[in-house]
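One structure is given below, encoded as structure tokens.
The values are calculated or read from the model by the stated rules, or taken from the named source; none is laboratory data. Bear in mind that the values here come from a model prediction, so they are computed numbers and not experimental data. Methodologically, a virtual Cβ is constructed for each residue, glycine included, from the backbone with ideal geometry; neighbour enumeration extends over all protein chains shown.
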Amino acid sequence: MLPCLGPGAQPNLQRLISAVQTTFAARLSSLSGAALVQADAATPALPGHTRLNLCNAVNDALKIALESNDRTYVFGEDVSFGGVFRCTVGLLERFGKERVFNTPLSEQGIVGFGIGLATAGHTAVAEIQFADYIFPAFDQLVNEAAKYRYRSGGHFHCGGLTVRAPCGAVGHGGHYHSQSPESFFTHVPGLRVVMPSSPAEAKGLLLASIRSPDPVVFFEPKMMYRTAVEDVPEGDYMLPLGVARLVAEGSDITLVGWGQQVLVLQQAAQLLAGEGVSCEVIDLRTLAPWDVESVCASVSKTGRLVVSHEAPVTGGFGAEVAATVAQRCFTRLESPPLRVCGADTPFPLVFEPLYLPGVARVADAVRQALDF
Amino acid sequence: MALQVAITGLKSQSGSQLGLSMARLFASAAASPSIKVEVMPYKVHRIEAPSNVVETNVEELTNFYKLMYKMRRMEIAADMMYKAKFIRGFCHLYDGQEAVLTGIEAAITLKDSIITSYRDHCQHVSRGGSIVSLMAELMGKQEGATKGLGGSMHIYNRKNNFYGGNGIVGAQIPLGAGIALAHKYKGEPHVCITMYGDGAANQGQKYEALNMAGLWNLPAIFVCENNHYGMGTAEWRAAKSPNFYTRGDYIPGIKVDGMDVLAVKNAVAFAKAYALANGPIVMEMDTYRYHGHSMSDPGSTYRTRDEINAMRTERDPIERVKRLLLNNGVDPADLKKIDKEVKKEVDDAVEQAKQGQIPPLHWLWRNMYAEPLGAGMRGVLPAEYHVPAFDPTYKS
């Protein structure tokens, strides 16, 4: 039995195979340097910028956060050695073991500990090694972090808490190193949920998250740690939470995504441009709260929506975007909002390309919307 | 009447009936106001026991008596108000366990932190909150400690480092470790007291928190209030080892008679000094709750009435202090006067709280995030929506 693949009815086998092949190609091309967030190695970095991959951009943001506030801590499993992804390299040496330290492998304890620290007025940047491991800490995030301000009538809050967690497909991660659990947390008022789509975005959004007066769950698309490279502004800057980014302007259809899926949307938009289709691509950046106005303004202009994410389609955050657009833009819509998402299966190992909403499937959905 | 009981109680217990917990008096007749009391010897795990002779005086005992009696009356009033439907929802009462908190507070300062579970009414008062604000909170009035937004399980006091009532069993324990790190990092000579019950003592996250606190030598005191029933399940049915003071394994522990405020005071002072110098310590307070787990639990289906009555007559923490006071020459009339004053204070607070206001509806969104983030509330008329006014003068 083949997994359900998102919009439309059962795809026939031929289409399925071609979708898989195209997705594979797109994935490989993004790994080999054709991705849109891939600075040209031949040209020098822009003035005032450093060429960084997403991992180094995160490292830079953490360094600035630790430098600018001496009550900021970075901790998690193996972070003092640099972390499994090397995002925290050099922080221990620079800021000392009092502020950058390893924790035991106990996610619930890590987050609970971070909440206590943040509630006492400090800034806690906790790392959950993989987003897939965040579930032992689910209770702490949902019941303690999200509700501290609310249930204490404003006496306390743990706005100083940021939980970083690498998420998303990586090509070979399998069931427990590939998931995108963002929608579980968008369901929790009191939490902010952020997922950046490029190195410069990651740095600005992470600094904003760390300094946000609300607890933030910050998902880092781990495939981009190394593959995405761009010129990142030097020094301290923040990008606003809750404000979407217009990635590409267009007039025929609005494509909405977040994290590394934005790259897929960009690639689909390029592919479709060759067919004369003009796609507007929006990177949501923040999922809770999300930028309803920007998305609805765009869809009101284009009349069509495709929303896309790696997480399984059912109950994913795409449903929220589609429902809101259906309501707010009903009279402007030319076709039903479509979702192009991960399949409703556990995240597969060898079937990863089959599972993922690749460029071909996004392009298919766009054509389907235009032909409606 | 109560006095009569106390006196006969004292007489009947003057022999060996109280066993090791018998409070014997020394030197009380001397000119010095200091009173030495022998408390039940502590059981210890990986640590030397502190002395079980505790120094006190009439003034301190009177304060203990007043505070514990206040807690008792408050909880009885809460029980009555619940049954009269002035308080709705969940409500967990502390009566019977008063000596634990009173003893803790006597050994620490308001600069030390306390975080506890949902059984949190008395912490509010011991941390300087008023009874009116407690009662108003229980009734969901905006004059309440949490402005009526938290209710029975969620009472806090930022100024006096009370990190509150937490609704999930055991979830406050890792938070306590984090708060302890904050104290340590700031170089403050303060500890975080993390209170949890014998039910929560079997939660996995307790062990995560103990491990981290142990690794990093945090000034954390983990206080297991063992009232012997995790909701409706006896400790021995739920815990393979109900010796909770030993369950920290590599972390030292001390078991205390939690029905004796002096034993608690002495042990917590010892634990605080230990925690500041060395790191975490587990304390097991052997105590008892007279009420059921919550208001929906009559508290009599899983234990006998005889057991509850025996506790009340033999180990009641307030009666114990009362006996000490009377033995040290305090006039019974003075205690009666305190009783009367406390009772009036609680009764007045209840009446005052009843007059409180229901919080305005737009507070539904308040404190969700720091900013309102586009919240909207449907009005009475169709399609009428209001964006709640976020009063900048609102003080958290």
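So that you can scan it fast, the table gives a plain yes or no per residue for (1) within 19 Å of residue A:217 (Cβ to Cβ); (2) over 24 Å from the mean Cα position of the chain (by Cα):
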| residue | (1), (2) |
| --- | --- |
| A:104 | no, yes |
| A:107 | yes, no |
| A:116 | yes, yes |
| A:119 | yes, yes |
| A:127 | yes, no |
| A:142 | yes, no |
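Against the criterion of being of a type in the set (Gly, Ala, Ser), touching a residue at least 40 places away in the same chain (Cβ under 8 Å) and within 12 Å of chain B (Cβ to nearest Cβ), residue A:96 does not qualify.
Scan the stretch B:51-94 for residues that are of a type in the set (Asp, Glu) and in contact with an Asp or Glu (Cβ under 7 Å, 6 or more places away or on another chain) and the total you get is 1.
For every residue, the table says whether it meets (1) touching a Cys at 6+ places or on another chain (Cβ under 7 Å); (2) touching a residue at least 12 places away in the same chain (Cβ under 8 Å); (3) under 15 Å from residue B:96 (Cα atoms).
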| position | (1), (2), (3) |
| --- | --- |
| B:305 | no, no, yes |
| B:308 | no, yes, yes |
| B:316 | no, yes, yes |
| B:319 | no, yes, yes |
| B:332 | no, yes, no |
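Filtering B:277, B:239, B:263 for residues that are at pLDDT below 95 and assigned by TED's automatic domain parsing to the domain that holds residue B:182 leaves a single hit, B:239. Can you tell me how many residues within the stretch A:135-161 are more than 7 Å from chain B (Cβ to nearest Cβ), outside any loop (DSSP other than H, G, I, E, B) and within 14 Å of residue B:150 (Cβ to Cβ)? Total meeting the criteria: 1. Of all residues in the stretch A:64-73, at least one satisfies being farther than 25 Å from residue A:223 by Cβ, touching a residue at least 24 places away in the same chain (Cβ under 8 Å) and surrounded by 24 or more Cβ atoms within 10 Å (Cβ to Cβ).
Checking each residue of the stretch B:89-112 against the condition of being under 30 Å from residue B:312 (Cα atoms), part of a loop (DSSP other than H, G, I, E, B), within 12 Å of another protein chain (Cβ to nearest Cβ) and of a type in the set (Val, Ile, Thr) gives no match. Which residues, taken from the stretch B:353-396, are at pLDDT 80 or above and in a loop (DSSP other than H, G, I, E, B)? Within the stretch B:353-396, B:355, B:356, B:357, B:358, B:359, B:360, B:367, B:368, B:369, B:370 meet the criteria.
Taking the criterion of being more than 14 Å from chain B (Cβ to nearest Cβ) and over 16 Å from the mean Cα position of the chain (by Cα), the residues of the stretch A:173-190 that qualify are A:173, A:174, A:175, A:176.
Put simply, of B:54, B:39 the only residue that is surrounded by fewer than 23 Cβ atoms within 10 Å (Cβ to Cβ) and of a type in the set (A, V, I, L, M, F, W, C) is B:54. Among the conditions (1) under 19 Å from residue A:222 (Cβ atoms); (2) surrounded by fewer than 23 Cβ atoms within 10 Å (Cβ to Cβ); (3) in contact with a helix residue (DSSP H, G or I) (Cβ under 7 Å, 6 or more places away or on another chain), the only one that residue A:324 does not satisfy is (1). Restricted to the stretch B:205-218, and to residues there that are facing chain A (nearest Cβ under 9 Å) and over 23 Å from the mean Cα position of the chain (by Cα), the residue that is nearest to residue B:236 (Cα to Cα) is B:208. Out of everything in the stretch B:234-282 that is surrounded by fewer than 24 Cβ atoms within 10 Å (Cβ to Cβ) and in contact with a Pro (Cβ under 6 Å, 6 or more places away or on another chain), what residue ends up being farthest from residue B:101 (Cα to Cα)? Step by step, filter the stretch B:234-282, then rank; the result is B:236. Of all the criteria given as (1) away from every other protein chain (no Cβ under 14 Å); (2) touching an Asp or Glu at 6+ places or on another chain (Cβ under 6 Å); (3) buried (at least 24 other Cβ atoms within 10 Å of the Cβ), the one not satisfied by residue A:193 is (1). Only residues that are of a type in the set (A, V, I, L, M), more than 9 Å from chain B (Cβ to nearest Cβ) and under 18 Å from residue A:102 (Cβ atoms) were counted in the stretch A:118-133, giving 3. Within the stretch B:231-257, the residues that satisfy the criterion of being part of a helix (DSSP H, G or I) and among the hydroxyl-bearing types (Ser, Thr, Tyr) are B:245, B:246. Screening A:248, A:288 for residues that are modelled with pLDDT under 95 and in contact with a helix residue (DSSP H, G or I) (Cβ under 7 Å, 6 or more places away or on another chain) leaves exactly one candidate, A:288.
Comparison of B:206, B:184 shows that the only residue that is within 16 Å of residue A:104 (Cβ to Cβ) and basic (Lys, Arg) is B:206. Condition check for residue B:299 on (1) touching a helix residue (DSSP H, G or I) at 6+ places or on another chain (Cβ under 8 Å); (2) buried (at least 19 other Cβ atoms within 10 Å of the Cβ): one failure, at (2).
Considering only the stretch A:100-109, state which residues are out of contact with any Pro (no Cβ under 9 Å at 6 or more places or on another chain) and more than 8 Å from chain B (Cβ to nearest Cβ). The answer is A:100, A:102, A:105.
Within the option set A:303, A:259, being surrounded by fewer than 22 Cβ atoms within 10 Å (Cβ to Cβ), of a type outside the set (Phe, Trp, Tyr) and touching a residue at least 12 places away in the same chain (Cβ under 8 Å) holds for one residue only, A:303. Can residue A:277 be described as more than 15 Å from residue A:326 (Cβ to Cβ) and free of Cβ contacts under 8 Å to residues at least 40 places away in the same chain? So residue A:277 fails the test. Per the listing A:133, A:150, the residue uniquely surrounded by fewer than 24 Cβ atoms within 10 Å (Cβ to Cβ), closer than 21 Å to residue B:167 by Cβ and not polar (S, T, N, Q) is A:150. Of the helices (runs of 4 or more DSSP H) contained entirely in the stretch B:121-200, those carrying at least 2 residues that are touching a strand residue (DSSP E or B) at 6+ places or on another chain (Cβ under 8 Å) and within 11 Å of another protein chain (Cβ to nearest Cβ) fall at B:172-185. Residues B:207, B:196: which one is surrounded by fewer than 24 Cβ atoms within 10 Å (Cβ to Cβ) and at negative phi? Of the residues listed, the single one that is surrounded by fewer than 24 Cβ atoms within 10 Å (Cβ to Cβ) and at negative phi is B:207.
Scanning the stretch A:158-172 for residues that are crowded, with 24+ Cβ neighbours inside 10 Å, more than 13 Å from the chain's Cα centre (by Cα) and over 12 Å from residue A:123 (Cβ atoms) gives a single hit, A:163.
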